[in-house]
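**Q** Input: one structure, supplied below.
The values are calculated or read from the model by the stated rules, or taken from the named source; none is laboratory data. Just so we're clear, the structure is a prediction, and the values are computed from it rather than from any experiment. Neighbour counts are summed over all protein chains in view; Cβ atoms, including those assigned to glycine, are modelled from backbone coordinates with ideal geometry. Accessible surface areas use protein heavy atoms only, side chains included; no ligands, DNA or RNA. Shrake-Rupley method; radii C 1.70, N 1.55, O 1.52, S 1.80 Å.
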Amino acid sequence: MYASLRHSLYRVVMNFTLKALTLSLVILSLVCCTGRSDNPPPAYDYEDLYGDAGTFVPAPPDVTPPVITLVSPTTSCISGMVDFEFTAVDAERSVGYISTRFAGVLREVTELGNGTYRFSVDVSPLFEGAHQLVIKAIDLSNNEAIYDSYFGVSNGGGVLHEDVMLCDGPIDEPQPPLPIPLADAGPDTTPPDLAIVQPAADALIGNTPYIQVRVLDQSVPVQITLTIGGRVFEEQANSAFQVFEPDLTGLAEGPTAMSVSATDSANNSASVSQDVRLDLTPPQVRIIEPTAGQDRLALTDVKVCASDSNGISMIILYEEGVNDAIATSSSPLIRNDGTTGPCTADEEEFGLIHELEDTSPLPRNTTFRVVAVDTAGNQGDSEVNIRLLPID
C-alpha cells in the first residue's frame, strides 16, 4: 500500500516538474525572440519601396524625342557646294537612327561625334527655286523627331516660298503677261526659250530617268517632244518646267542622242539636243545577313553584297509596312584583316543598321527589302523574312 502511494506521489511531482520546465522554456523563448529590445531593427517603409499596391514600380517610360538643331547653312539662300551640319541629341537614351533627305533625295550622312552630323550637296544642277530639307532622328526608345525647312537655290534671281523670300532678287514669272485691253501687240513670232536642265550632257541615265526641261514662252500651252534613241515622248506644258520620266526599256545601251523640241500655240518652235549614255541593266544585290527565318533584335544590322558594271551609288533598306527608307549606305565596307568576306570579287559589301520603326508588339515576323541603286538610277532588290525580338 505504501509502495503504491509513493509511486503515485512520484508521478505527481514529476508531472509538475515537467510542466514547470516547459513553462520556463516558453518564457525564455518569448524574452529572447519577442521581448522588448533597446536596439530594434530598422523599420522599412514598404510603400516607398513598392508603392501603395505593394508591387514594384518601374521607372516611367522614355517618351521624349531627340532634339535636332541645324548648325549650317545659316542662310536660306544657297549655291554651289553646300555643307549641311546639324546635331541630334537625346537626353535619356542615345540616338539610334538618322535619316536626311534634301531636294527629294536621300543623303549619306557622316557622324562627326558628340551628336553632330554632316552631309554635302552640290546644288548647282538643281533648278532655281525652293528645295526642302528633312532630317529624321529616332532614339533607342523609338521616339521620333523630324526637322524640315526650305532653302532657295538661286542663279541670281529671287526665290519665294509661301510668302517667305528665301533668296533676294527679281522674281522671274514664267507665265505670260496678262493681256492689255484694246492693245494689239501683233502676232507672237518669238520661239520658246528652251533648255535641258538635267541630265547633263554625256550623263549616264537608266531605265526611267528623271529629265527636266525649261521652256519660257508667252503663247501657252507649249507642246514639248522628247526623243531618246528614236523613241518619242510628248507632253503639254503650261508652266516653265516640265518633267519627263520615260520608260526606256528595250533600247540599245551605250551612247545615244537625246533631243527636245517645243512648239508654242503661235506655232513658233525651238529645239535642243545632247548626247547621253544608256545603262538599262539593274544592279545585282543579295542579302547575306540576316538569313531567312532568323531571330534578330529590333536594333540590328543588315549586310548585303551588290555589283554593277557602272558602280553602286546607294543601298536602301526598307521594312514591310514602313513607307520611308529606314537606313541607307553609299560606302562599301572595307576589310582590314586581309579576308575577302562573304562577297565575290566583283561584288561590294555594304552594312546597314536598322532601327525599329514599326511599333507592332514584339516578337513579330517581318520582311526586310534591300534596294541597290546604280549610278544610272537603275534599281535591283532582294528580300528576307525574319523574326524581330525586343531589344531589352
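**Q** Does the stretch 297-322 hold any residues that are open to solvent by 30 Å² or more (accessible area, probe 1.4 Å) and among the charged types (D, E, K, R), and which are they?
**A** Within the stretch 297-322, ASP301, LYS303, ASP308, GLU320 meet the criteria.
**Q** Can you tell me which of (1) surrounded by 12 or more Cβ atoms within 10 Å (Cβ to Cβ); (2) assigned to a loop (DSSP other than H, G, I, E, B) is the one SER120 doesn't meet?
**A** Condition not satisfied by SER120: (2).
**Q** Pairs, please: C-beta under 9 Å, at least 6 apart or cross-chain, first residue in contact (Cβ under 8 Å) with a residue 24 or more places away in the chain and in the stretch 365-392, second of a type in the set (Phe, Trp, Tyr) and not in a strand (DSSP E or B)?
**A** Going by the 9 Å Cβ cut-off, the qualifying pairs are GLY377/TYR210.
**Q** Examine the stretch 332-346 for a residue that is modelled with pLDDT of 85 or more, closer than 27 Å to ILE135 by Cα and assigned to a strand (DSSP E or B), and state whether such a residue exists.
**A** No, every residue in the stretch 332-346 fails to be modelled with pLDDT of 85 or more, closer than 27 Å to ILE135 by Cα and assigned to a strand (DSSP E or B).
**Q** Here's a follow-up. Considering only the stretch 264-294, how many residues are touching a Lys or Arg at 6+ places or on another chain (Cβ under 8 Å), surrounded by 14 or more Cβ atoms within 10 Å (Cβ to Cβ) and not β-branched (Val, Ile, Thr)?
**A** Summing the residues that are touching a Lys or Arg at 6+ places or on another chain (Cβ under 8 Å), surrounded by 14 or more Cβ atoms within 10 Å (Cβ to Cβ) and not β-branched (Val, Ile, Thr) in the stretch 264-294 gives 2.
**Q** Out of (1) at pLDDT below 95; (2) surrounded by 14 or more Cβ atoms within 10 Å (Cβ to Cβ), the odd one out for SER261 is which?
**A** Condition (1) is where SER261 drops out.
**Q** Additional query: Say whether the condition of being more than 23 Å from GLN223 (Cα to Cα), polar (S, T, N, Q) and out of contact with any strand residue (DSSP E or B) (no Cβ under 8 Å at 6 or more places or on another chain) is met by at least one residue in the stretch 242-253.
**A** Checked against the condition, which is being more than 23 Å from GLN223 (Cα to Cα), polar (S, T, N, Q) and out of contact with any strand residue (DSSP E or B) (no Cβ under 8 Å at 6 or more places or on another chain), the stretch 242-253 yields at least one hit.
**Q** Please enumerate the residues belonging to the stretch 131-163 that are of a type in the set (D, E, K, R), closer than 19 Å to SER76 by Cβ and assigned to a strand (DSSP E or B).
**A** Within the stretch 131-163, just ASP148 meets the criteria.
**Q** Now a separate question. Can you list residue pairs whose Cβ atoms sit under 9 Å apart, with the first residue in the stretch 229-246 being free of Cβ contacts under 8 Å to residues at least 60 places away in the same chain and farther than 14 Å from ILE196 by Cβ and the second being of a type in the set (D, E, K, R) and part of a loop (DSSP other than H, G, I, E, B)? Count only pairs 6 or more apart in sequence or on different chains.
**A** Here the result reads ARG231/ASP247, each pair linking the stretch 229-246 to a residue that is of a type in the set (D, E, K, R) and part of a loop (DSSP other than H, G, I, E, B).
**Q** Can you spot a residue in the stretch 94-108 that is open to solvent by less than 60 Å² (accessible area, probe 1.4 Å), more than 17 Å from SER329 (Cβ to Cβ), part of a strand (DSSP E or B) and in contact (Cβ under 8 Å) with a residue 60 or more places away in the chain?
**A** Taking every residue of the stretch 94-108 in turn, none turns out to be open to solvent by less than 60 Å² (accessible area, probe 1.4 Å), more than 17 Å from SER329 (Cβ to Cβ), part of a strand (DSSP E or B) and in contact (Cβ under 8 Å) with a residue 60 or more places away in the chain.
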